[in-house]
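Heads up: the structure comes next, in structure tokens.
The values are calculated or read from the model by the stated rules, or taken from the named source; none is laboratory data. These numbers were taken from a predicted model, which means no experiment stands behind them. When we count neighbours, we look across all protein chains shown, and the Cβ atoms used for this are built from the backbone with ideal geometry, even at glycine. When the accessible area is computed, the model is the full protein with side chains, heavy atoms only, and any ligands, DNA or RNA have been set aside. Shrake-Rupley method; radii C 1.70, N 1.55, O 1.52, S 1.80 Å.
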Amino acid sequence: MVLFPRTPRATRLPGDVVSRMERFGRFEFDPVGTDIDASDVWGELQAPYLPFAQSDPQGFARALADAVLPAGGFALFGAARTVWNLVGSDFTSPAYDAVRMAALEFFRANGVPSNRLSAADWQFWQQNSAEPWLVGRPRPTPEEVRIPALAPGELRQLARITEASDSNVVYVTAAPEGRFVTVVDAPTSDTDPTRARFEWTSADTLHDLYTRIGEVFQTPVHWVADELRPFIPLPPSRL
């Protein structure tokens, strides 16, 4: 089924375009979690489309839409990111916008939190949909949850972001002035694995601090302390 009128240049897309877009979409969504070598991405999944994209952007967008809209899934996101990369961030067309919205709907249907979207994709969603992204459980009241008091000088672990051995780890402690602060233990930089600690955010009460952490996480990270879990509004993403 052809969803958008074809042009002669539509035949320039290879027969395996859907599988290539699916691979590229997975890489763009989670480059660390895929088995795709980053050094192969441009040559295998982007460069072959560059002549078509630059010579006929509208035809290229229509051809991609015809290929990936029936397929769905990560191919949608791969196609949307391919147009963005090869044609330009300011490009727009009915076909491209349809693919981009379908990709966002795919993420939304699978519980991907808004903090996993780029700023541009989030703005596109807000401008083109009246639906909320995801609706999580309400913030718990102080009467509904009990947070154990911190002992003097205690540094309590609240979360471990990933299962990797060098994962960032989040702690909470009491500041001298009576506020509560989160402390992140993390590698110094991408090239320096030495661990360092820095303050992240603070609040007057543990309840307010945990609420802020939950709003940032949106979904559970690799490990979450039981006392923090009620403050995370959404279930784990299915992707």
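Report, by residue number, each residue of the stretch 88-113 that is closer than 23 Å to I213 by Cα, assigned to a helix (DSSP H, G or I) and open to solvent by less than 30 Å² (accessible area, probe 1.4 Å).
Of the residues in the stretch 88-113, the ones closer than 23 Å to I213 by Cα are 107-108, 110-113.
Then keep just the ones that are assigned to a helix (DSSP H, G or I); that gives 107-108.
Within the stretch 88-113, just F107 meets the criteria.
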### Task
Could you run through the stretch 164-207 and say how many residues are out of contact with any strand residue (DSSP E or B) (no Cβ under 8 Å at 6 or more places or on another chain) and of a type in the set (D, E, K, R)?
3
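Only one of these is surrounded by 14 or more Cβ atoms within 10 Å (Cβ to Cβ), modelled with pLDDT of 95 or more and more than 26 Å from the chain's Cα centre (by Cα): T173, T182. Name it. Step through it out loud before you land on a result.
Numbers: T182 fails: more than 26 Å from the chain's Cα centre (by Cα).
Of T173, T182, the one residue that is surrounded by 14 or more Cβ atoms within 10 Å (Cβ to Cβ), modelled with pLDDT of 95 or more and more than 26 Å from the chain's Cα centre (by Cα) is T173.
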### Summary
Sole miss for S189 among (1) open to solvent by 60 Å² or more (accessible area, probe 1.4 Å); (2) over 22 Å from E144 (Cα atoms); (3) without any contact (Cβ under 8 Å) to a residue 24 or more places away in the chain; (4) under 25 Å from the mean Cα position of the chain (by Cα) is condition (1)
### Query
Say we look at the stretch 26-62 and pick out the residues that are outside any helix (DSSP H, G or I) and touching a Lys or Arg at 6+ places or on another chain (Cβ under 7 Å); which of these is surrounded by the most Cβ atoms within 10 Å (Cβ to Cβ)?
D56
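This table checks each residue for (1) assigned to a loop (DSSP other than H, G, I, E, B); (2) closer than 29 Å to L104 by Cβ; (3) open to solvent by 20 Å² or more (accessible area, probe 1.4 Å).
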| position | (1), (2), (3) |
| --- | --- |
| S167 | yes, yes, no |
| A196 | no, no, yes |
| E199 | no, no, yes |
| L209 | no, no, no |
| R212 | no, yes, yes |
| P233 | yes, yes, yes |
